[in-house]
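Presented below is the structure to which this report refers.
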Amino acid sequence: PDPEALVVAVEEAMARGDADAAAAAALVAAGAYRAGGHVTAAFDVCLQGISARPADVELHLLLADLAAGRGWTAQAGDTYRNLLRLVELDGDAALAATIRGVAAERLPGDPRFAGD
């Protein structure tokens, strides 16, 4: 997919108040930017999607993974931790376990996720 066209789709969806469409387009655009080696653009579009749908788990996971991939372990850990708190508030134990597992795998030295 063309990430630039998807960014336009994100902006159009946000303008009409369609948070779900904006977040979905942002997720695809961020993945396309990442695949093309444009990590900064992937970060930007993830944040756009999160501004449309703040509790979008997939966007937060991608954002944290992008940060971990850049070596920004403190930022990635904070993102995983905050996402985990959101999911725990919803009472989704299975999703919380998945997030803990992803965080432990991506940040093996982070004591917040060790042994989870």
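The table that follows gives values for the structure above.
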{"quantity": "In region 65-80, residue most open to solvent (accessible area, probe 1.4 Å) [restricted to those that are among the hydroxyl-bearing types (Ser, Thr, Tyr) and within 12 Å of the chain's Cα centre (by Cα)]", "calculated": "Thr79"}
{"quantity": "Residue in region 2-38 that is nearest to Leu95 (Cα to Cα), counting only those that are out of contact with any helix residue (DSSP H, G or I) (no Cβ under 6 Å at 6 or more places or on another chain) and among the hydrophobic types (A, V, I, L, M, F, W, C)", "calculated": "Ala24"}
{"quantity": "Residues of region 87-116 satisfying the condition of being more than 13 Å from the chain's Cα centre (by Cα), crowded, with 16+ Cβ neighbours inside 10 Å and without any contact (Cβ under 8 Å) to a residue 40 or more places away in the chain", "calculated": "Val87, Leu95, Ala96, Arg100, Ala104, Leu107, Asp110, Phe113"}
{"quantity": "Failed item, numbered, when His60 is tested on (1) in a helix (DSSP H, G or I); (2) open to solvent by 50 Å² or more (accessible area, probe 1.4 Å)", "calculated": "(2)"}
{"quantity": "Residue tally, condition aliphatic (A, V, I, L, M) and under 18 Å from the mean Cα position of the chain (by Cα), over region 10-20", "calculated": "3"}
{"quantity": "Meets criteria (open to solvent by less than 40 Å² (accessible area, probe 1.4 Å) and part of a helix (DSSP H, G or I)) for Ala41", "calculated": "yes"}
{"quantity": "Flag for Ala24 being closer than 13 Å to Val10 by Cβ, crowded, with 21+ Cβ neighbours inside 10 Å and over 10 Å from the mean Cα position of the chain (by Cα)", "calculated": "yes"}
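The values are calculated or read from the model by the stated rules, or taken from the named source; none is laboratory data. In this text the structure is predicted, and so the values were computed from the model without any measurement. Neighbour counts run over all protein chains shown; Cβ positions are idealised from the backbone, glycine included. The area values use the complete protein model at the heavy-atom level, side chains included, leaving out ligands, DNA and RNA. Shrake-Rupley method; radii C 1.70, N 1.55, O 1.52, S 1.80 Å.
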